[in-house]
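This is the structure I want to talk about, given as structure tokens.
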Ligand SMILES: Cc1ncc(C[n+]2csc(CCOP(=O)(O)OP(=O)(O)O)c2C)c(N)n1
Ligand SMILES: [Mg+2]
């Protein structure tokens with residue numbers, strides 16, 4: 001579980017706090033809506049919600065610059081929203097419609113945006129890790145100072161290809177931030193049941209890679225650590241590992257027997273550590289916003305999410321001919 005910390009007085013502007021609040025709330029409300037649409041049978045197949053983990057991606061995006069890249073696993077809706085992809089296109093992909101980011105043919109786990117430098121959305125546990133190093137290699141080769149954020153879970157951290165990637169990333173000083181989103185569970189297996197070395201970031205030491213553990217329920221702590229990691233990479237010092245301690249409130253995917261943890265455990269986390277509530281408290285106690293201001297933001301976010309849901313129902317299903325497009329690369333002679 002993430003460490004319990006008294007909220008330090010933040011040295012941060014009202015504008016910045018409100019921005020974090022808005023972005024985390026967008027992810028939360030979007031995911032709640034996706035859960036509803038799934039229940040109504042409008043979304044099929046796999047769907048993994050990000051509720052509870054919002055501070056991770058919002059904090060790290062706040063540390064990123066234009067042109068930086070990101071790649072992640074199947075639990076990807078939050079990452080797409082945080083890097084600025086249109087909620088309509090994401091929701092329409094979830095419902096398998098033409099207006100979706102993969103024209104309705106990829107679904108929840110397979111979306112991409114060249115414009116926002118979002119490289120997926122990957123269903124094979126750990127597979128995105130070498131891809132992230134490859135993206136970083138391309139930037140290093142081109143000689144720019146872009147950084148790639150490569151996200152993976154605590155379960156993925158036990159995959160062999162992660163360590164092959166660490167070796168090459170450090171050998172070639174690749175500008176990649178490895179973000180381990182440690183939410184405590186890999187499907188139904190808790191971290192303590194799957195490894196005797198619960199400090200996942202420290203494994204980087206075997207390759208000479210620096211890193212740290214971060215309180216992933218505190219968006220400001222994530223942003224601060226993200227800035228350190230990014231500065232390290234941009235300075236040409238090679239990769240950096242952030243093990244971000246977080247928690248998912250919902251099941252692993254839409255079907256989850258939830259027998260591996262108690263309801264009390266989840267409730268305690270919601271009550272005591274919720275990332276959105278923490279920022280809400282800072283905004284109210286710091287007199288940066290009133291209850292009414294926050295209600296207005298909530299209303300605005302709900303409208304964005306409702307529009308996305310409407311769009312995802314109205315957008316047509318892909319035409320039959322689409323079965324044959326974007327399957328193989330065109331031959332260029
Ligand atoms: C190579 C591979 N093995 C197993 C699976 C089945 N699987 C899907 S998600 C998952 C758990 C991964 O957990 P973690 O990395 O902690 O990510 P989280 O779901 O918590 O975000 C497993 C075993 C898979 N998709 N790919
Ligand atoms: Mg996990």
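Read-outs: derived from the displayed coordinates by stated rules, not from any lab. Given the structure is predicted, the values throughout are model-derived calculations rather than measurements. Every residue, glycine as well, gets a Cβ built from its backbone with ideal geometry; the counts of neighbours run over all protein chains shown.
Give me the number: length gained by fully extending residue 259 to residue 32, i.e. 0.36 nm times residue separation minus the C-alpha to C-alpha distance, one decimal in nm.
79.5 nm
Please report the antiparallel percentage of DSSP beta bridges with both residues in the chain, rounded to the nearest 5.
The antiparallel fraction comes to roughly 10 percent.
Right, something else. Can you tell me the convex hull volume per residue for the stretch 14-315, based on C-alpha atoms, in Å³ to the nearest whole number?
About 122 Å³ per residue, rounded to a whole number.
Relative to the present Cα-Cα distance, how much length would full extension add between residue 197 and residue 237 at 0.36 nm per residue of separation?
Result: 11.8 nm gained on full extension.
With the chain treated as a Gaussian network of Cα nodes joined by springs under 10 Å, which of 245, 299, 259 yields the largest mean-square fluctuation?
259
Let me ask another. In terms of the Cα gyration tensor, with a ≥ b ≥ c the square roots of its eigenvalues, is the stretch 73-223 rounded because a/c is under 1.5, prolate because a/b exceeds b/c, or oblate?
oblate
For residue 296 paired with residue 224, estimate the spin-label separation in nm (one decimal), with each label point 7 Å from Cα along the Cα-to-Cβ line.
Going from the residue 296 label point to the residue 224 one covers 3.1 nm.
Most exposed first by the Cβ proxy, i.e. fewest other Cβ within 10 Å, how do 101, 46, 137 rank?
By the 10 Å Cβ count, ascending, the order reads 46, 137, 101.
Considering the chain as a Gaussian network with a 10 Å cut-off on Cα pairs, which listed residue, 205, 133, 63, attains the greatest mean-square fluctuation?
Maximum fluctuation in the GNM of the chain, among the listed residues, is at 205.
For a test of the definition: using alpha carbon positions, the gyration tensor, and the 1.5 limit on a/c, classify the stretch 1-121 as rounded, prolate or oblate.
Prolate, since a/c reaches 1.5 and a/b exceeds b/c.
Take residue 65 and residue 168, extend 7 Å from each Cα along the Cα→Cβ direction, and tell me the distance between the two endpoints in nm.
2.6
In the stretch 66-194, what % of DSSP beta bridges are antiparallel (nearest 5)?
25
At 0.36 nm per residue, minus the direct Cα-Cα distance, what do residue 114 and residue 284 gain on full extension? Give it in nm, one decimal, please.
Fully extending the segment from residue 114 to residue 284 adds 57.4 nm.
Taking the chain as a Gaussian network, Cα atoms linked when under 10 Å apart, which of 180, 27, 301 shows the biggest mean-square fluctuation?
Among 180, 27, 301, the largest GNM mean-square fluctuation belongs to 301.
Going by average Cβ neighbours within 10 Å, how do the peptides 206-216, 286-296 rank, with the highest at the top?
In descending order of packing, they fall as 206-216, 286-296.
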